[in-house]
Amino acid sequence: MTDTLSARPVEAASFTIPQERKVVTAIPGPRSVALHERRLAVVPTGVATTLPVYIEKANGAIVVDVDGNHFIDLGAGIGVTTIGHTNPAVVAAATEQLNKVTHTLFTVTPYEEYVRVAELLAAHTPGDFAKKTVLVNSGAEAVENAVKIARKYTRRVGVGVLDHGYHGRTNLTMAMNFKAAPYSTGFGPFAGDVYHAPNSNPYHDGLSGAEAAKKTIAWFEKTVGAYDLACIVAEPIQGEGGFIVPAEGYLQALQAWCTENGIVYISDEIQSGMARTGAYFASEHFGLVPDMVTSAKGIAGGLPLAGVTGRAEIMDSAFPGGLGGTFGGNPVAAAAAIAVFETIASDNLLAEATRIGQTLTAGLARLAAKYDIIGDIRGIGAMIAIEFVMPGTGATTKEPNAAAVNAITAYAAANGVLVLNAGTYGNVIRFLPSLVISDALLEDALGVFDAAMATL
Ligand code: PLZ
């Protein structure tokens with residue numbers, strides 16, 4: 001065992017699948033191809049697939065397809081299996097809960113696991129004040145509920161969002177996304193009273209946080225007026241938008257303006273939260289104490305669960321019965337979430353996220369020195385991205401290079417590395433590995449990226 005591996009909190013021996021890349025067929029292999037044919041007959045084309053490789057099992061940072069190929073998973077199901085695939089603590093907690101009680105509906109007859117998750121979210125989201133949490137099933141549903149509550153609390157209707165943001169696929173959240181295609185094209189009419197303001201995008205706008213905030217605030221003041229805004233919903237690091245990290249001071253200035261004007265500040269931490277960036281919630285890196293935080297994805301280790309956590313007085317503004325849903329805060333998902341919180345603490349996973357960020361950024365910097373199509377490397381902790389530009393445009397127009405991203409991700413997949421793209425122009429590769437991935441696996445994957453870029 002190498003030093004890197006022995007430094008891992010989860011010993012290699014505790015993985016049930018060897019943490020190694022192994023390609024034994026063409027990608028996709030024959031069994032995946034056969035399954036894909038069946039799928040095309042019965043699953044609509046609107047449910048697209050990045051890579052038609054059908055997965056049979058997974059553990060830690062490795063997923064295994066039906067043809068026996070072992071992939072290094074650098075996407076973790078878009079940042080969901082943050083504490084590793086089939087984490088033993090999650091599997092044990094969910095299995096035990098399945099055998100105790102699978103469902104009652106919390107708003108009919110409640111159970112302790114929901115309450116415990118609410119306590120854990122109150123303890124781990126930023127801010128030292130009384131907080132309450134409503135649990136739901138998906139990120140989009142969390143955003144919808146956050147907006148409902150903010151509107152009820154403020155008795156205002158306007159919803160402010162930022163350019164390059166992403167918030168979901170429901171009717172309201174479609175209207176909140178920056179990108180129309182493919183999320184909302186043809187699906188209207190859309191919810192009204194949603195206002196899209198310029199964001200902070202340091203690599204492209206070159207503005208300081210204060211300058212960018214001035215621009216955003218001026219836009220809201222002219223286009224909506226602070227008085228009509230119930231809330232601003234913003235991701236601390238924009239996920240689908242390409243891991244855009246705002247300039248220093250930007251979000252703080254935006255929140256200060258919200259507070260002065262009675263606007264509820266909502267941090268959408270669905271992609272950036274739950275230990276992903278080396279803090280429980282990324283807002284902490286920016287000195288933000290949001291009025292409300294949405295969480296989902298990594299919260300329950302792969303089971304469907306999401307939440308809205310906020311100041312008690314805001315959360316209590318909805319009338320009794322105003323919030324709920326059949327499956328929200330399901331006992332099995334809630335039990336899994338408790339195990340996730342416990343594992344982050346017991347396995348020191350915040351520090352692991354920081355380690356992963358250091359390894360990735362150093363490795364990617366080596367590649368950037370070799371390949372001028374790498375325009376920017378950014379992100380925090382285990383949420384790192386590279387933006388690709390056309391050759392020779394890095395110092396000038398920074399023209400998006402989606403073709404490079406498509407070629408590199410295809411090469412990586414064919415060589416046993418699963419990685420996701422992102423960005424409004426599809427020219428970003430994002431790394432969202434699980435926090436149990438070793439440096440050795442990361443270096444192996446970086447070698448594949450090097451080889452991929454050498455072919456371009
Ligand atoms: N807010 C910040 O990242 C989900 C979308 C995957 P749901 N992002 C991945 C896809 O193509 O559907 C997301 C997010 C942020 C909200 C959401 C929505 O979360 O759980 O997908 O509804």
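Across the range 53-60, not a single residue is classified as surrounded by 17 or more Cβ atoms within 10 Å (Cβ to Cβ) and within 16 Å of the ligand (Cβ to nearest atom). Where helices (runs of 4 or more DSSP H) sit wholly within the range 140-249, those with at least 2 residues that are within 14 Å of the ligand (Cβ to nearest atom) occupy 171-176. Taken over the range 312-342, the criterion of being touching a Phe, Trp or Tyr at 6+ places or on another chain (Cβ under 6 Å) and either more than 16 Å from the ligand (Cβ to nearest atom) or not assigned by TED's automatic domain parsing to the domain that holds G168 (or both) is satisfied by I314, S317, P331, A334. Of the residues making up the range 32-47, just one is exposed (fewer than 10 other Cβ atoms within 10 Å of the Cβ), part of a helix (DSSP H, G or I) and either touching a Gly at 6+ places or on another chain (Cβ under 9 Å) or β-branched (V, I, T) (or both), namely V42. Of the candidates A247, A256, A282, the single residue that is surrounded by 24 or more Cβ atoms within 10 Å (Cβ to Cβ) and among the aliphatic types (A, V, I, L, M) is A282.
Scanning the range 118-138 turns up no residue that is surrounded by 23 or more Cβ atoms within 10 Å (Cβ to Cβ), within 16 Å of the ligand (Cβ to nearest atom), small (G, A, S) and under 10 Å from G307 (Cα atoms). Of all the numbered requirements in (1) out of contact with any helix residue (DSSP H, G or I) (no Cβ under 6 Å at 6 or more places or on another chain); (2) in contact (Cβ under 8 Å) with a residue 12 or more places away in the chain, A247 misses one, and that requirement is (1). Could you grab me the full set of residues in the range 294-311 that are within 15 Å of the ligand (Cβ to nearest atom) and surrounded by fewer than 24 Cβ atoms within 10 Å (Cβ to Cβ)? Answer for the range 294-311, where residues must be within 15 Å of the ligand (Cβ to nearest atom) and surrounded by fewer than 24 Cβ atoms within 10 Å (Cβ to Cβ): L303, P304. When the test is whether a residue is of a type in the set (A, V, I, L, M), assigned to a helix (DSSP H, G or I) and farther than 19 Å from I266 by Cα, V115 passes it.
Quick check on the range 420-443. Is at least one of its residues of a type in the set (F, W, Y), assigned by TED's automatic domain parsing to the domain that holds F281 and within 30 Å of V91 (Cβ to Cβ)? No, the range 420-443 has no match at all. Taken as a whole, the structure places P433 among residues that are assigned to a loop (DSSP other than H, G, I, E, B) and surrounded by 20 or more Cβ atoms within 10 Å (Cβ to Cβ). Would a scan of the range 93-108 turn up a residue that is free of Cβ contacts under 8 Å to residues at least 12 places away in the same chain and not in a helix (DSSP H, G or I)? So far as the range 93-108 goes, yes, one or more of its residues are free of Cβ contacts under 8 Å to residues at least 12 places away in the same chain and not in a helix (DSSP H, G or I). Here N427 passes the criteria (1) touching a Leu at 6+ places or on another chain (Cβ under 7 Å); (2) surrounded by 23 or more Cβ atoms within 10 Å (Cβ to Cβ) except the one numbered (1). Within the range 252-293, the set of residues being more than 13 Å from the ligand (Cβ to nearest atom), in a helix (DSSP H, G or I) and polar (S, T, N, Q) comprises Q252, Q255, T259.
The values are calculated or read from the model by the stated rules, or taken from the named source; none is laboratory data. Keep in mind that what you see is a predicted model, and the values were worked out from it rather than measured. Every residue, glycine as well, gets a Cβ built from its backbone with ideal geometry; the counts of neighbours run over all protein chains shown.
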